[in-house]
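A short write-up of the structure that comes next.
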Amino acid sequence: MKRNFTNWMGSLFGKPKQKATCCDCIKSLQLVVDGEATKQQEEYFLNHLDECMPCYNFYEVEKTVKQVLQNKIEKKSAPTHLAENIRSRLKSM
Amino acid sequence: MMTEDNLNNEEIRPENEGHDPELEKGSVPELDPKAKAEKDAQFEKEFMPLISSLYNFAYRLTLDEDDANDLVQETYLKAYRFFASYEQGTNAKAWLFRILKNSFINDFRKKSKQPSKVDYQEVESFYNSDDVDENITVDLRIESIQDMIGDEVATALNALAVDFRTIIILCDLEGFTYEEMAKILDIPIGTVRSRLHRARNLLKEKLKEYAGTMGYNK
Ligand SMILES: [Zn+2]
């Protein structure tokens with residue numbers, strides 16, 4: 001069951017029919033944002049951004065969401081007693 | 001409990017891990033003190049530096065500090081039992097995350113009253129329905145995301161079903177590759193991609209809700 005990327009892309013910007021050519025880009029977008037795209041995919045996609053405002057906007061949103069997740073969510077540190085508890089359990093194993 | 005010096009535990013393959021969480025404590029072969037000291041030093045060096053990453057993952061899964069402590073402890077004990085099967089220089093972090101995630105699913109979810117697995121079918125149809133599509137991130141502005149504080153972002157993340165939360169944590173907070181996530185979660189890379197995609201859309205929905213209530217989206 002595949003998502004209809006075109007419809008969905010279109011719905012993002014309220015012009016479903018107009019964005020029909022951007023299917024492939026949307027698939028690359030996630031790969032580019034996650035650093036999983038090939039050089040070729042990335043180059044193609046980044047070039048496309050110069051020509052396509054919706055893809056550009058969408059890319060910026062995706063990138064920002066990722067950055068915000070990386071930078072703003074507090075990284076919980078393990079409480080100090082936890083490592084000690086574990087070490088003492090291991091000692092007796 | 002075995003009493004002989006027994007270094008023959010290479011037979012325990014890593015695949016066992018996760019499938020038999022209830023392994024007896026006694027299945028760890030007893031080593032002579034010198035061998036155990038070596039093993040412990042190696043374990044300390046390879047695995048203990050990862051404790052905060054594991055704790056953070058456990059906390060984001062359980063949303064409870066005590067539960068996170070238990071889960072991390074269980075993960076380390078399990079890893080210790082199978083340490084002989086661990087190949088040095090391989091991805092210790094991914095291996096520990098896998099053990100932790102399996103412990104969470106196998107033992108933990110049963111005990112706690114977490115909602116059960118996401119109904120992907122339901123989620124899928126949710127996304128395929130046109131009327132809902134209209135709402136997805138339509139006016140989620142970059143500025144409104146950037147203005148949010150960490151707590152708001154965390155709350156949005158925590159509101160996601162655990163499978164969606166998990167994939168975002170692994171990818172965006174911990175920086176695992178798709179291939180590593182596929183191994184940690186035991187799913188094909190294609191599923192990693194589609195689940196990530198859905199998870200992010202759900203997250204953006206939540207962020208948008210917050211942006212709306214906080215008045216960021218004016
Ligand atoms: Zn485009």
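The values are calculated or read from the model by the stated rules, or taken from the named source; none is laboratory data. Bear in mind the structure is a predicted one, so any value in this text is a computation, not a measurement. Positions of Cβ are backbone-derived with ideal geometry, glycine not excepted, and every protein chain shown enters the neighbour counts. Heavy atoms of the whole protein, side chains included, go into the accessibility calculation; ligands, DNA and RNA do not. Shrake-Rupley method; radii C 1.70, N 1.55, O 1.52, S 1.80 Å.
For the pairing of chain A with chain B, what total accessible surface becomes buried, with a 1.4 angstrom probe, in square angstrom to the nearest 100?
Interface area, both chains combined: 4600 Å², rounded to the nearest 100.
How much accessible surface does A:Thr80 have with a 1.4 Å probe, in Å² rounded to 10?
Rounded to the nearest 10, that gives 120 Å².
So for B:Arg141, B:Arg195, what's the accessible-area order with a 1.4 Å probe, most first?
From most exposed to least exposed: B:Arg141, B:Arg195.
Taking a point 7 angstrom from the Cα of B:Gln146 along the C-beta vector, which residues in the stretch A:52-83 have backbone N less than 17 Å away?
Under cut-off, by backbone N: A:56-73.
Whenever you get a sec, compute what percent of the accessible area on the stretch A:44-93 sits on carbon and sulfur atoms (1.4 Å probe).
Roughly 48 percent of what the probe reaches on the stretch A:44-93 is carbon or sulfur.
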